[in-house]
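Single-structure report; data block below.
The values are calculated or read from the model by the stated rules, or taken from the named source; none is laboratory data. Quick caveat: nothing in here was measured; it's all calculated off a predicted structure. Ideal geometry is used to build each Cβ from the backbone, glycine not excepted, and the neighbour counts take in all protein chains shown. The protein model used for the area step is the full one, side chains on, heavy atoms only, and it has no ligands, DNA or RNA in it. Shrake-Rupley method; radii C 1.70, N 1.55, O 1.52, S 1.80 Å.
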Amino acid sequence: MVARTVPVPPFDLVVFGATGDLARRKLIPALYRRLRAGQMPTDARIVGAARSALDDEGFRAQAAEALEEFVPAAEREQNTVDAFLATLSYVAVDAMSDSGWSELRAVLEARTGGDRVRAFYLSVAPRFFAPIAARIAGSGIGGSEGRVVIEKPLGHDLASARELNDELSKHFPECRVYRIDHYLGKETVQNLMALRFANALFEPVWNAQHVDHVQITVAESVGVAGRGGYYDQNGAMRDMVQNHLLQLLCLIAMEPPSQFGPDDVRDEKLKVLRALSMPDIRSEVVRGQYRAANGTASYVDDAGNPDSTTECFVAMKTGIANWRWAGVPFYLRTGKRLRARISEIAVVFKAVPHWIFSGQGGGDAHQNVLAIRVQPDEGITLGMTIKEPGPGGMRLLDADLDMTFAERLGPSISIPDAYERLVMDVIRGDQTLFMRGDEVEAAWAWIDPIIAAWEERGARPSLYDPGSSGPEDALMLMHRDGRRWREIAS
Ligand code: BG6
């Protein structure tokens with residue numbers, strides 16, 4: 001059967017904050033790659049909007065520099081780069097005053113056409129989300145179909161997230177608000193849904209009867225140097241757990257939706273968020289900070305705040321109060337400056353109910369592990385127990401059925417960056433991989449009491465060595481339950 005991709009209609013994409021870091025590092029390279037892949041309609045237009053007094057040529061020069069910096073030379077043929085730059089134009093717009101809005105309107109109105117999609121990507125600090133949304137609506141450029149795209153932080157707690165949702169909803173109905181969690185755009189994360197809902201094999205064992213526990217790890221080797229100011233106000237719980245880790249948990253734990261439609265999927269994720277159990281703050285949540293070692297700075301140095309009690313590492317145990325998952329622990333772990341950069345979800349199955357090999361040198365019962373490697377080396381492994389070949393009894397060992405995508409699908413398959421997929425989904429009008437407002441609020445409703453309890457206790461985070469797997473307490477969290485974290489190894 002010939003695979004079909006959903007076509008992308010002609011569009012105008014206005015990028016507010018077009019001269020900023022996210023636009024340079026992610027959006028411009030992502031849009032370039034989509035054009036290079038032949039997915040961008042020939043009359044697509046990208047309009048940069050920011051405060052800097054640039055003209056079209058100045059913006060194109062900045063975009064060309066961004067491509068040089070963030071797209072490998074092998075992917076930069078001159079004619080493709082030129083074709084991409086020709087789609088760009090620029091309007092100087094001030095989010096907080098009337099300056100530039102009529103010019104932006106004129107640029108957009110110069111190319112109207114029946115089914116042209118208009119989207120506004122707010123690649124700006126969150127305090128500008130509501131004012132820009134108001135001006136888009138007020139200046140009439142949003143029309144009745146215009147879409148708005150925002151990205152975290154989507155609030156700092158439940159109250160501020162609600163306020164943001166309320167403000168946005170005055171100007172854009174939910175069906176036109178695209179809230180990015182870039183983890184949902186990662187190929188392997190989408191593959192998780194294919195694995196679960198396109199294969200009959202796993203569903204019968206995807207429950208408390210067969211699953212011993214689930215581990216979700218998002219480990220990073222980098223520290224927070226360079227963005228300490230933002231980070232120190234947030235910490236790992238707000239920066240990573242509230243969004244990325246909870247989204248991964250939702251995809252692992254949700255019920256099969258009746259169809260792969262935006263609200264079908266998001267309704268199921270919402271039910272998971274609402275069923276999350278509250279961990280015991282003293283014994284089931286560990287916060288950490290990396291210390292200085294071998295000439296590398298400590299977290300507090302990187303954050304520029306010697307008294308900081310903000311966590312850059314969290315490990316925790318939670319559960320999901322429903323029939324499928326009652327009693328199954330979900331362990332979450334994320335941190336900076338850990339041994340390696342690895343994001344992985346591991347579903348650890350229960351051992352067989354009766355082990356017959358101990359008398360034959362087979363040791364103790366083993367457990368099957370289904371591991372979904374989100375990054376790097378994207379792929380899926382299924383840990384199996386097999387007999388070691390040769391004489392000497394039933395000596396058993398664990399071996400992986402390994403489906404590393406790059407090996408299985410061939411070197412010609414490139415794994416697109418999350419933003420490539422997500423920006424094109426905005427244009428297609430597909431919200432499946434975007435968070436709905438009620439999901440964001442449900443996640444905060446679970447996070448807020450945990451943070452409040454920390455603040456009340458005033459406990460300092462546990463220190464850990466850079467390049468380690470995190471603080472000792474995090475290992476103990478598992479050991480106490482007779483379990484172990486999987487290695488953080490590249
Ligand atoms: C961002 C966080 O959302 O995700 C960062 O703000 C983090 O602190 C980043 O480093 C991790 O993303 P990725 O795609 O590199 O795993």
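Below is a table of values for the structure above.
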| quantity | calculated |
| --- | --- |
| Top-ranked residue in the stretch 235-246 [being open to solvent by less than 10 Å² (accessible area, probe 1.4 Å) and within 20 Å of Ile180 (Cβ to Cβ); ranked as nearest to the ligand (Cβ to nearest atom)] | Asp239 |
| Of the criteria (1) assigned to a loop (DSSP other than H, G, I, E, B); (2) more than 13 Å from the ligand (Cβ to nearest atom), which one Ser221 fails | (2) |
| Sole exception among (1) under 29 Å from Pro376 (Cβ atoms); (2) open to solvent by 50 Å² or more (accessible area, probe 1.4 Å); (3) away from the ligand (no atom under 16 Å from the Cβ) for Leu273, by number | (2) |
| Every pair of residues 6+ apart whose Cβ atoms lie under 9 Å, when the first sits in the stretch 69-90 and is part of a helix (DSSP H, G or I) while the second is open to solvent by 70 Å² or more (accessible area, probe 1.4 Å) and β-branched (Val, Ile, Thr) | Ala83/Thr42 |
| Residue within the stretch 249-262 that is within 16 Å of the ligand (Cβ to nearest atom), buried (at least 19 other Cβ atoms within 10 Å of the Cβ), over 30 Å from Asp430 (Cα atoms) and not acidic (Asp, Glu) present | no |
| Residue that is open to solvent by 10 Å² or more (accessible area, probe 1.4 Å) and more than 13 Å from the ligand (Cβ to nearest atom), where the choices are Asp302, Asp267, Asp232 | Asp267 |
| Which numbered condition Arg51 misses (of (1) closer than 20 Å to Phe120 by Cβ; (2) of a type outside the set (Gly, Ala, Ser); (3) touching a helix residue (DSSP H, G or I) at 6+ places or on another chain (Cβ under 9 Å)) | (3) |
| Matching helices (runs of 4 or more DSSP H) fully within the stretch 393-490 where at least 3 residues are of a type in the set (A, V, I, L, M) | 418-428, 437-457, 472-479 |
| Any hit, the stretch 467-488, residues being open to solvent by less than 10 Å² (accessible area, probe 1.4 Å), at pLDDT below 95 and farther than 30 Å from Asp166 by Cβ | yes |
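Conditions (1) modelled with pLDDT under 95; (2) surrounded by 13 or more Cβ atoms within 10 Å (Cβ to Cβ); (3) touching a helix residue (DSSP H, G or I) at 6+ places or on another chain (Cβ under 6 Å), marked per residue:
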{"residue": "Pro10", "(1), (2), (3)": "yes, yes, no"}
{"residue": "Leu13", "(1), (2), (3)": "no, yes, no"}
{"residue": "Pro29", "(1), (2), (3)": "no, yes, yes"}
{"residue": "Met40", "(1), (2), (3)": "yes, yes, yes"}
{"residue": "Glu69", "(1), (2), (3)": "no, no, no"}
{"residue": "Asn79", "(1), (2), (3)": "no, no, no"}
{"residue": "Leu85", "(1), (2), (3)": "no, yes, yes"}
{"residue": "Ser89", "(1), (2), (3)": "no, yes, yes"}
{"residue": "Ser97", "(1), (2), (3)": "yes, no, no"}
